[in-house]
Amino acid sequence: QVQLVESGGGLVQAGESLRLSCAASGRTFSINRMGWSRQAPGKQRELVALMTSGGNTDYADSVKGRFTISRDNAKNTVYLQMNSLKPEDTAVYYCRYSTYSSDYWGQGTQVTVSS
């Protein structure tokens, strides 16, 4: 079983930055994928970014060039650096940890961007 704890959300103005963190604990595995999804009220959950333990990354088109995902494997932690935030980035951001057989999700952290 894997536990995920997100942090770093908050309220910012458009154009500002935030960095989200997600630390995984419990029975983790060296081969995995960690990433971030978000969900705004009335909208579908959207994959924002992911990164494999091997270093491969993928981003949603809406955040490409503004968000950067990174990992610290020694700490079993994934980060999401969010720059040039827009009001449409407002959502609950969920950390995801995936193995071949299981998906785990954090509790979510609220990001609110005001204009």
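Measure off, as a whole percent, the carbon and sulfur share of the 1.4 Å-probe accessible area of segment 1-74, all protein chains present.
So the carbon and sulfur contribution to the accessible surface is 46 percent.
Can you work out the accessible area per residue across segment 1-110, with the rest of the protein chains kept in place, probe 1.4 Å, in square angstrom?
It amounts to 56 Å² per residue over segment 1-110.
Over the chain, what is the relative contact order in whole percent, taking alpha-carbon pairs under 8 Å and six or more residues apart?
36
Contour minus end-to-end for Asn83 and Thr99, with contour as 0.36 nm per residue of separation and end-to-end as the Cα-Cα distance?
2.9 nm
Counting other Cβ atoms within 10 Å, keep those with at most 15, restrict to DSSP loop, and tell me which chymotrypsin sites (Phe, Trp or Tyr not before Pro) in segment 19-115 are left.
Taking segment 19-115 and a limit of 15 other Cβ atoms within 10 Å, the loop chymotrypsin sites (Phe, Trp or Tyr not before Pro) found are Phe29, Tyr100.
Looking at the chain, what % of its DSSP beta bridges pair antiparallel, to the nearest 5?
So the antiparallel bridges amount to about 90 percent of the total.
To the nearest 10 square angstrom, what accessible area does Lys86 show with a 1.4 Å probe?
80
The values are calculated or read from the model by the stated rules, or taken from the named source; none is laboratory data. This is a predicted model, so every value here is computed, not measured. In this analysis, Cβ positions are derived from the backbone assuming ideal geometry, glycine residues included, and neighbour counts consider all displayed protein chains. The accessibility values were calculated without ligands, DNA or RNA, using every heavy atom of the protein model including side chains. Shrake-Rupley method; radii C 1.70, N 1.55, O 1.52, S 1.80 Å.
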